[in-house]
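Data block below; observations after.
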């Protein structure tokens, strides 16, 4: 730390050297302009002899340029040591211009000495040289007053919040890779987002228009087909994702050891939809399977019940529908074990229904509470328990839904080594409340079937996941990693998932995923992403300006790498997040903030080659209605036959004949 005495001594040394520079310049004028000074009688023999000896003994005093250079060197030494009061209004570019002007004037004036010696040329020479010298002095002094703030123009702290990212493409036979570019300390650099461990699950978030489908899901589907993945794709805005995977699946059939089958579930265009029964009786190994399917369907139909675990009315509906499913599974080898038949069975008058159900010993425990209420005459309670189930299921009583769910074109074991499949489940945003519960049941049953050892690697691509109700998805993510089951969940915002699943369940789902790619998100979601990326060392500058001095202090602090506000203002195609690695492939830089690179022309050309999914069968409205009515007839026939059987096995005794009484005569 400098004391006042040190500063005073330094100033005296600077003044002395600067005075020496001025003396050298005056000696230069005396030597080079001697004829003019002689005519003005400003010379002296002693000075002439002294300066003549200097020019002869000192090599740098033998030319005009050498003498000037000595004067300029001494001047620059003083300017380098000088420290003026900082001025934030000074700009470097004008000062550089003045400095160049001063140097040019200082040196180029020597050309005047080459001309014929004339008094006025000597005067002009001294004036121009002195002007250049003073310009250099003034400009150099202002250079020491320049205030250079590294982050002055970085109003959004972009330079500080940039960090090195993974620039090497890391790949394996299961990975998903995205080419990208990012800025680091003002430079644009190439990078790669390498999801080398997709089996640890991937969450893709972003508001509408942020680029989830175009930049992320498109690449995932394309690379999944190229790497032989078996797939289940939830296409919320059918047929956007279906067209992409159908196009690439046809081009990668050679990646599968056995013939690949492609199936579509589409409730709007039945001619292009396969038929499948998600609750095939052979997939119900015990009653817990029926209970889980019942819970998934009923919670999907009444999403408020998700937050009311243990609620009497909710549990009553789930238990009642579980009993119906298990009864149909057991009846006649599961001949009528479908969701449409279960819906119709629930509509039967409970006085008849309970007499039929009680015959199945395995569900007596489930329906005992309902029969007890009936026996006690608690009809209002019973109507409330069963009525809530009937009302919810009535939304699914559609001929198109009945048609799709009463067929058996395929099974849900997509990763079967001998029968690999790609299944696309098409939804419709305008009919989400109807299609969502059915497709949720498909997902729930499929998770049970694919989470087995010894199967092919598979992937679930669930765009707009919040529109589905899959309560055991977190368990699937946690346990299916070793079975090569990758899960990719698409969300608009965490608040959307919390609204439909409840805060605790939503947080568990998101936090279970090891990889996260997020576009523009707001609020708590942006804060969650910011906290997940973490903190980095950032340079901080503070400036203090007073009337006598200006000071700049710099420090390094640990701050968040990306502020939530910056995540809330990301452009389309710009993503932040972090990826997970594996013990075999370590990733040094897991976090990223970059712009994904897509060849728009190539994508446009590819989209021109997309084909509509072909017609599977020509189906008429009469056939659909006939199937719809057949389901109703099946259940009525089942009830009638069972009632006859029950009555024949337990005939009601006839009352004894009463003796006819004759009237009494009066």
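In the set 615, 603, 598, 576, only one residue is exposed (fewer than 15 other Cβ atoms within 10 Å of the Cβ), in contact (Cβ under 8 Å) with a residue 24 or more places away in the chain, in contact with a helix residue (DSSP H, G or I) (Cβ under 8 Å, 6 or more places away or on another chain) and assigned by TED's automatic domain parsing to the domain that holds residue 267; that residue is 603. Taken together, 238, 263 contain a single residue that is touching a strand residue (DSSP E or B) at 6+ places or on another chain (Cβ under 8 Å) and part of a loop (DSSP other than H, G, I, E, B), which is 238.
Scanning the range 187-196 for residues that are at pLDDT below 95 and either assigned to a loop (DSSP other than H, G, I, E, B) or more than 12 Å from residue 594 (Cβ to Cβ) (or both) gives a single hit, 187.
Just to check your reading of the model, which residue among 26, 37 is surrounded by 14 or more Cβ atoms within 10 Å (Cβ to Cβ), part of a helix (DSSP H, G or I), without any contact (Cβ under 8 Å) to a residue 24 or more places away in the chain and out of contact with any helix residue (DSSP H, G or I) (no Cβ under 6 Å at 6 or more places or on another chain)?
On the way: 26 fails: surrounded by 14 or more Cβ atoms within 10 Å (Cβ to Cβ).
From the options 26, 37, the qualifying one is 37.
For residues in the range 367-389 being buried (at least 19 other Cβ atoms within 10 Å of the Cβ) and without any contact (Cβ under 8 Å) to a residue 60 or more places away in the chain, which is farthest from the chain's Cα centre (by Cα)? Restricting to residues being buried (at least 19 other Cβ atoms within 10 Å of the Cβ) and without any contact (Cβ under 8 Å) to a residue 60 or more places away in the chain, the top hit is 373.
Please verify whether residue 54 is modelled with pLDDT of 80 or more and either at positive phi or assigned to a helix (DSSP H, G or I) (or both), treating the condition exactly as stated.
Values: modelled with pLDDT of 80 or more: no; either at positive phi or assigned to a helix (DSSP H, G or I) (or both): yes.
So residue 54 fails the test.
The residue that is nearest to residue 627 (Cα to Cα), counting only those in the range 419-444 that are in contact with a strand residue (DSSP E or B) (Cβ under 9 Å, 6 or more places away or on another chain) and assigned to a loop (DSSP other than H, G, I, E, B), is 427. Filtering 163, 199, 101, 178 for residues that are over 30 Å from residue 519 (Cα atoms) and either at pLDDT 85 or above or assigned by TED's automatic domain parsing to the domain that holds residue 507 (or both) leaves a single hit, 101.
Determine whether residue 467 is over 19 Å from residue 220 (Cα atoms), surrounded by fewer than 23 Cβ atoms within 10 Å (Cβ to Cβ), touching a residue at least 60 places away in the same chain (Cβ under 8 Å) and under 19 Å from the mean Cα position of the chain (by Cα). Outline the logic, then answer.
Details: over 19 Å from residue 220 (Cα atoms): yes; surrounded by fewer than 23 Cβ atoms within 10 Å (Cβ to Cβ): yes; touching a residue at least 60 places away in the same chain (Cβ under 8 Å): yes; under 19 Å from the mean Cα position of the chain (by Cα): yes.
Judged against the criteria, residue 467 is a match.
From the list 408, 428, the lone residue that is modelled with pLDDT under 95 and out of contact with any helix residue (DSSP H, G or I) (no Cβ under 9 Å at 6 or more places or on another chain) is 408. Tallying residues that are outside any loop (DSSP other than H, G, I, E, B) and either in contact with a helix residue (DSSP H, G or I) (Cβ under 8 Å, 6 or more places away or on another chain) or surrounded by 11 or more Cβ atoms within 10 Å (Cβ to Cβ) (or both) within the range 40-49 yields 2.
Quick grid of which residues meet (1) part of a loop (DSSP other than H, G, I, E, B); (2) modelled with pLDDT under 95:
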position	(1), (2)
614	yes, yes
626	no, no
640	no, yes
645	no, yes
653	yes, yes
660	yes, yes
666	yes, yes
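Checked against (1) closer than 22 Å to residue 402 by Cα; (2) out of contact with any helix residue (DSSP H, G or I) (no Cβ under 9 Å at 6 or more places or on another chain); (3) part of a helix (DSSP H, G or I), residue 254 meets all criteria but (1).
Filtering the range 477-498 to residues that are under 21 Å from the mean Cα position of the chain (by Cα), over 19 Å from residue 212 (Cβ atoms) and without any contact (Cβ under 8 Å) to a residue 40 or more places away in the chain leaves only 478.
Take the conditions in contact with a strand residue (DSSP E or B) (Cβ under 9 Å, 6 or more places away or on another chain), modelled with pLDDT of 75 or more and either surrounded by 15 or more Cβ atoms within 10 Å (Cβ to Cβ) or assigned to a helix (DSSP H, G or I) (or both) and apply them to residue 95. Does it pass? If you could, list the steps in order and put the result at the bottom.
Values: in contact with a strand residue (DSSP E or B) (Cβ under 9 Å, 6 or more places away or on another chain): yes; modelled with pLDDT of 75 or more: yes; either surrounded by 15 or more Cβ atoms within 10 Å (Cβ to Cβ) or assigned to a helix (DSSP H, G or I) (or both): yes.
Spelling it out, residue 95 is indeed in contact with a strand residue (DSSP E or B) (Cβ under 9 Å, 6 or more places away or on another chain), modelled with pLDDT of 75 or more and either surrounded by 15 or more Cβ atoms within 10 Å (Cβ to Cβ) or assigned to a helix (DSSP H, G or I) (or both).
With respect to residue 65, determine if the residue is at pLDDT 80 or above, in contact with a helix residue (DSSP H, G or I) (Cβ under 9 Å, 6 or more places away or on another chain) and part of a loop (DSSP other than H, G, I, E, B). So residue 65 fails the test.
Regarding residue 317, is this residue over 19 Å from residue 405 (Cβ atoms), surrounded by 19 or more Cβ atoms within 10 Å (Cβ to Cβ) and touching a helix residue (DSSP H, G or I) at 6+ places or on another chain (Cβ under 9 Å)? Break it down stepwise before answering.
Details: over 19 Å from residue 405 (Cβ atoms): yes; surrounded by 19 or more Cβ atoms within 10 Å (Cβ to Cβ): yes; touching a helix residue (DSSP H, G or I) at 6+ places or on another chain (Cβ under 9 Å): yes.
Against the criterion (over 19 Å from residue 405 (Cβ atoms), surrounded by 19 or more Cβ atoms within 10 Å (Cβ to Cβ) and touching a helix residue (DSSP H, G or I) at 6+ places or on another chain (Cβ under 9 Å)), residue 317 qualifies.
Any residue that is touching a residue at least 60 places away in the same chain (Cβ under 8 Å) and touching a helix residue (DSSP H, G or I) at 6+ places or on another chain (Cβ under 6 Å) - is there at least one of those in the range 325-333? Taking every residue of the range 325-333 in turn, none turns out to be touching a residue at least 60 places away in the same chain (Cβ under 8 Å) and touching a helix residue (DSSP H, G or I) at 6+ places or on another chain (Cβ under 6 Å).
The values are calculated or read from the model by the stated rules, or taken from the named source; none is laboratory data. Just so we're clear, the structure is a prediction, and the values are computed from it rather than from any experiment. For neighbour counting, all protein chains shown are included, and Cβ atoms are generated from backbone atoms with ideal geometry for every residue, glycine included.
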